[in-house]
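Structure first, commentary second.
Nothing in this text is a laboratory measurement; each read-out follows from the coordinates by a stated rule. Note that this is a predicted model, so its numbers are computed, not measured. Here the Cβ is made from the backbone with ideal geometry for all residues, glycine too, and neighbour counts use every protein chain on show.
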Amino acid sequence: MVKDIVTAQNAFFSTQKTKDVAFRKEYLKRLKQEITSREDAICDALYADFKKPKFESLATETQLVLAELNHTIKNVGRWSQPEPVESSWTNFPSKDWIQSEPYGKVLIISPWNYPFMLTLAPMVGALAAGNTVVLKPSELSPNTSRIIAEIIQKVFPPEYVTVVEGGVEVSQALLAEKWEYIFFTGSTRVGQIVYKSAAEHLTPVTLELGGKNPCVVDETAALKLAAKRIVWGKFINAGQTCLAPDYILVHFSVKGKLAEELKRYITEFYGTDIQKSPDFARITTKKHYQELKEMLEGETLLFGGTCVDQDNYVEPTLVDEPKLNSALMKGEIFGPILPIIAYEKEEELHQYISNYGKPLAFYLFSTRKKFQNKLLSQYSFGGGTINDTVVHISNKRLPFGGVGASGIGGYHGKHSFDLFSHKKSMVKRANWVDVPLRYAPYKLPIRWVKRFKHLF
Ligand code: NAD
């Protein structure tokens, strides 16, 4: 089956149809229409998968994809144009430009935590650039995977875009084929597997992975607002957000006040009986629920801690001063548990932050510009926000992606188009003159050759 799909996509790509920008735009418009007309059904599927609140489904899934579609439909014509660049004197006279061309067959493998957005947002870029696409959504969010498959089936011929549903074996069968580009979103562990498979065929990859995102709050931060924005960014999607602040490092002088404000906002957002709140999602899988529950064992809780097995419910929880070697601090938490660790001197931050690979996101709440600049230049991370959390993902003009352990490559908007395009460098020479200096037998004095650097 996988082989048939690959053959069909190869044949379709070779018809050159996707080289026509009007063709790409037409399909992106049809996709937009289909998503718009099914927006409620998509929200229902997300609710069926992990009780994702409708507000969050709209704000963080469908509307983000529609925004990406609008921006791309509007600009793909311009992005696809050859981009002229200044010529080099050595080639005088010449016309030089960068020409974008599609790679060919793109494989997109996505996770369960934002199952709609993380499947379709990269696809928009891949199609805008003129590729064909095979989507492999997560088996752990089956209702969303199903509706994605229905939408794709309705809008696209299967040789252009197709969805292959299934789990690890299906994913591995797909990875065994030769693709011209692989775009993977998921865990660092599986990212390594994908990278190895891609290496077999020298296939370029984008890896959108996870990480342990620090959130530093210093003594000058606007504490109430900081707490409000941290609670929002941490507990949206029940903490199953690759960009969520993973743990807080707070100056000891304001720790008590920050903790009080965090508690206050959790209650203000979700009420006193959070399990009944329509605005708080569930943990998607039993396995991950169990892991989260175990992470709480032996920890000192400042708030929350309730876990309900039948409902995969983990209450928003604040943990006081976990040890660096605790289960909670070993890797990415990926759930609604927020450790709070106090520091006294700035130098102490390093032992925590440098304990993990480069994170996907970094958050700093401080009004000291010097401190902001210091941390920004000291640490490498995918992207970040100063005095807020998560929101840097919402600007389509910013590339979204990780670095080091948190991934390779960035996408969204024009960055997606560029990511999924091979950039041909082109020089067109004129025939009316041919400067003879480069040809053998070489007659130019060596001291002149040493000045060539000014001509390239
Ligand atoms: P995962 O890596 O377990 O699964 C992702 C996809 O890979 C799924 O489609 C799955 O079927 C497939 N897969 C799983 N095991 C595989 C294997 N052995 N071989 C081939 N394919 C395999 O990730 P997940 O649990 O679905 O998602 C959570 C992780 O994703 C977290 O680490 C999170 O930080 C990360 N994430 C990153 C981003 C980002 O944009 N950087 C966004 C969301 C999630």
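Data table
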item: Tilt relative to the chain, helix 223-235 - C-alpha long axis, 0 to 90 degrees, to 10; result: 70 degrees
item: Degrees, to the nearest 10: 21-37 long Cα axis against longest axis of the chain; result: 20 degrees
item: Cα long-axis angle, helix 369-378 against the chain (0 to 90 degrees, to the nearest 10); result: 60 degrees
item: Residue 2/residue 373 FRET efficiency (R0 35 Å; Cβ-Cβ; nearest 0.05); result: 0.10
item: FRET E, pair residue 286, residue 440, Förster distance 60 Å, beta-carbon r, rounded to 0.05; result: 0.25
item: Using a Förster distance of 22 Å, the FRET efficiency for residue 146-residue 193 (Cβ separation, nearest 0.05); result: 0.30
item: Ordering of 425-438, 214-227, 109-122 by burial proxy (mean other Cβ atoms within 10 Å per residue, highest first); result: 109-122, 214-227, 425-438
item: Eligible lysines near residue 257 by straight Cα distance, threshold 28 Å, same-chain separation 8 or greater; result: 212, 224, 228, 234, 276, 293, 323, 330, 345, 369, 370, 374
item: Highest-first arrangement of 359-367, 256-264, where packing means the average Cβ count within 10 Å; result: 359-367, 256-264
item: Value of Rg to Rh for segment 155-239 (Rh from inverse mean 1/r over Cα pairs, i.e. Kirkwood); result: 1.18
item: Computed magnitude of the charge dipole of the chain (debye, nearest 20; Cβ of K, R +1, Cβ of D, E -1); result: 2360 debye
item: Cut-off 12 Å, label 7 Å out along Cα→Cβ of residue 88, residues of segment 423-456 by amide N; result: 426-427, 452-456
item: Local electrostatic count, residue 41, Cβ distance below 15 Å [Lys/Arg +1, Asp/Glu -1]; result: -2
item: Sorted peptide list for 178-184, 78-84, 202-208, 325-331, criterion being average Cβ within 10 angstrom, highest first; result: 178-184, 202-208, 325-331, 78-84
item: At 1.306 mPa s and 10 °C, Stokes D of the chain from Kirkwood alpha-carbon radius, µm² per second; result: 66 µm²/s
item: Value of relative contact order over the chain, rounded to a whole percent, pairs C-alpha under 8 Å and six or more apart; result: 18 percent
item: Translational D in µm²/s for segment 214-396 (Stokes-Einstein at 10 °C, 1.306 mPa s, Kirkwood Rh from C-alpha pairs); result: 97 µm²/s
item: Residue-span extension gain [residue 345 to residue 272] - 0.36 nm each, minus C-alpha spacing; result: 22.7 nm
